[in-house]
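Right, one structure below, let's go through it.
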Amino acid sequence: MTAQATTQVTPLVLSDALRRRIEAEGAAAYPNECCGILIGRDEPAKGRRVVDRLEPGQNVFAADERYHRFSIDPRAQLKAEREAEKEGKVVLGFYHSHPDHPARPSEYDREHAWPFYSYVIVSIEKGRPAAMTSWVLDDRTNRFVSQEIRGETRETNMGTDYAHPDVLVTTGWVAEHVKDPKVKLIEVDVDTAAYDKGHVRGAIGWNWQTDLNDRVVRDVLDPRAFAELCRRNGINPGDTVVFYGDSNNWFAAWAFWQFKYHGHKDVRLMNGGRRKWELEGRELVTDPPRLAPRSNYPVPPSDDSVRAYRREVEDTLGRNAVNLVDVRSPDEFTGKIIAPPGLPETAQRAGHIPGARNIPWAKAVNDDGTFKNADELRKLYTDAGVDFSKPTIAYCRIGERSSHTWFVLKYLLGRNDVKNYDGSWTEWGNLVGAPIETGEGTKGPLPNVKCE
């Protein structure tokens, strides 16, 4: 019987750690099924069911069965219910694996299910975890209804922390959507060889040097080149485009910024990027993706509200009317070095634009590559002297790290008047006569100078 969604059900909150445990149990049991009980809190007032812990079970199966199938011992369930009650919790449902079978309920599952419980299913393909889903049996139709799985509580509360939480997706969300034709997953790395060594299944790999730059003029892709890039990769204007990459989404954020500059509506970042995916032990493959058919992506207009140019930066000097945020390392800011070691794009002079405040981009992320919460981010910038009542311009070396800071300020903290100066230090540090500061920066009034 085909599982259908007939009504809305409360989302299930399942932390990444518990997801990994279910996946690990499923992989260890392969080619048999693992099973267990979900214990936690039913919170209808908050519109969620929160799984706090798992109670692994043993399958009950017939002696002549080739493979063990999911069937919880009723005595184990009764014991779990009594222990949960002592903790002020309840049995929310069950989890089990589907060896070499999709993560959707089978007829066997339907025949042995009870209404209102959550049934989490992880598919195990050739011994490795693949998709994970959750279902609830509708007692009126006797059909399974899909139940949304949300990340851990900190992530599900992003709506109260971040101004625009919809621009971030979790690694779990990506794992569940790798086969969604409306989702285009794209990896963009600092290390242009990283993608070929292993990437998320189905992800398209773009080289930031050759795919996202004009190859003659020093500039990002113009609208026609952008449209052609989307066309040959099967991207349509209505698609959800999700970027991720190494170095805490350094160049993934740059690709995100370019898509917004060219007006693509639904663009997102995988929170934590490649680092978090690897820390969770998720699958990396070397297989090339199967691209969607060539699209007819239209040539878009450019949105200059997200981009600052040199003349605009010059006009800010000495006026103290704009937050100028230099997101490079302290050594680059003070002039000790011109560019990070091994990166070819450089300038003739070292230092920073007069009046800029140094807030390195990487301070916005946690150790696992995910973004810090909104309160921590707000404190990071206000402690450094950023006045949120003023417009902000961020810059770095070539505009890639400052795209990351632009993303934080615009989408996580909701600052609408923020731009990315992608000319950045590679442009400014090569200008004849451009004012430059070295050291920690000017403490008093800013010099009223421009380069003509």
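Please treat every number below as a calculation from the coordinates, not as lab data. A quick note: this is a predicted structure, and the numbers were derived from the prediction, not measured. Glycine gets a Cβ as well: all are built from the backbone with ideal geometry, and neighbour counts include every protein chain shown.
Things to note:
- With the convex hull of its Cα atoms as the shape, segment 12-156 has an orientation-averaged projected area of 8.7 nm².
- FRET efficiency for the Asn320 to Asp375 pair, using the beta carbon distance and R₀ = 22 Å, is estimated at 0.25.
- Distance violations [Cα-Cα > 23 Å] among Lys184/Lys276; Lys276/Lys419; Lys184/Lys260: Lys276/Lys419
- Shape of segment 306-428, Cα gyration tensor, a/c cut at 1.5: oblate
- Theoretical gain in end-to-end length, Lys336 to Arg110 [0.36 nm per residue, Cα-Cα removed]: 74.7 nm
- Cross-link partners of Lys363 among aspartates and glutamates (Cα-Cα below 12 Å; sequence separation of 8 or more within a chain): Glu376
- Neighbour counting of Cβ atoms within 10 Å sorts the residues Lys260, Lys363, Lys179, fewest neighbours leading, into Lys179, Lys363, Lys260.
- Computed [θ] at 222 nm, deg cm²/dmol, the chain (DSSP H ≥ 4; -39,500 (n - 2.57); rounded to nearest 500): -7000 deg cm²/dmol
- For the chain, the dipole from Cβ point charges (+1 on Lys and Arg, -1 on Asp and Glu) about the Cα centre works out to 500 debye, to the nearest 20.
- Rounded to 5, percent antiparallel among DSSP beta bridges of the chain: 45
- Options (i) 153; (ii) 138; (iii) 162 - which one matches volume of the Cα convex hull per residue in Å³ as calculated here: (iii)
- Taking Glu400, Glu440 and counting other C-beta atoms within 10 Å, the order from fewest to most: Glu440, Glu400
- Three-way shape label, segment 158-302, alpha-carbon gyration tensor, a/c 1.5: rounded
- Asp109, Asp266 arranged by Cβ crowding within 10 Å, fewest neighbours leading: Asp266, Asp109
- Here's the list of aspartates and glutamates a cross-link from Lys126 could span, going by alpha-carbon distance under 17 Å and ignoring same-chain residues fewer than 8 apart: Glu23, Glu25, Glu33, Asp100, Glu283, Asp287.
- Helix 246-261 axis, angle to the chain major axis (alpha carbon atoms, nearest 10°): 70
- In the chain, the longest principal axis of the Cα atoms and the axis of helix 16-29 are about 50 degrees apart.
- Between the helical axis of 374-383 and the longest alpha-carbon principal axis of the chain there is an angle of about 20 degrees.
- Qualifying aspartates and glutamates (Cα of each under 12 Å from Cα of Lys390; at least 8 residues distant if same chain): Asp417
- In terms of packing, defined here as the mean over residues of other Cβ atoms within 10 angstrom, the peptides 269-282, 379-392, 223-236 line up highest first as 269-282, 223-236, 379-392.
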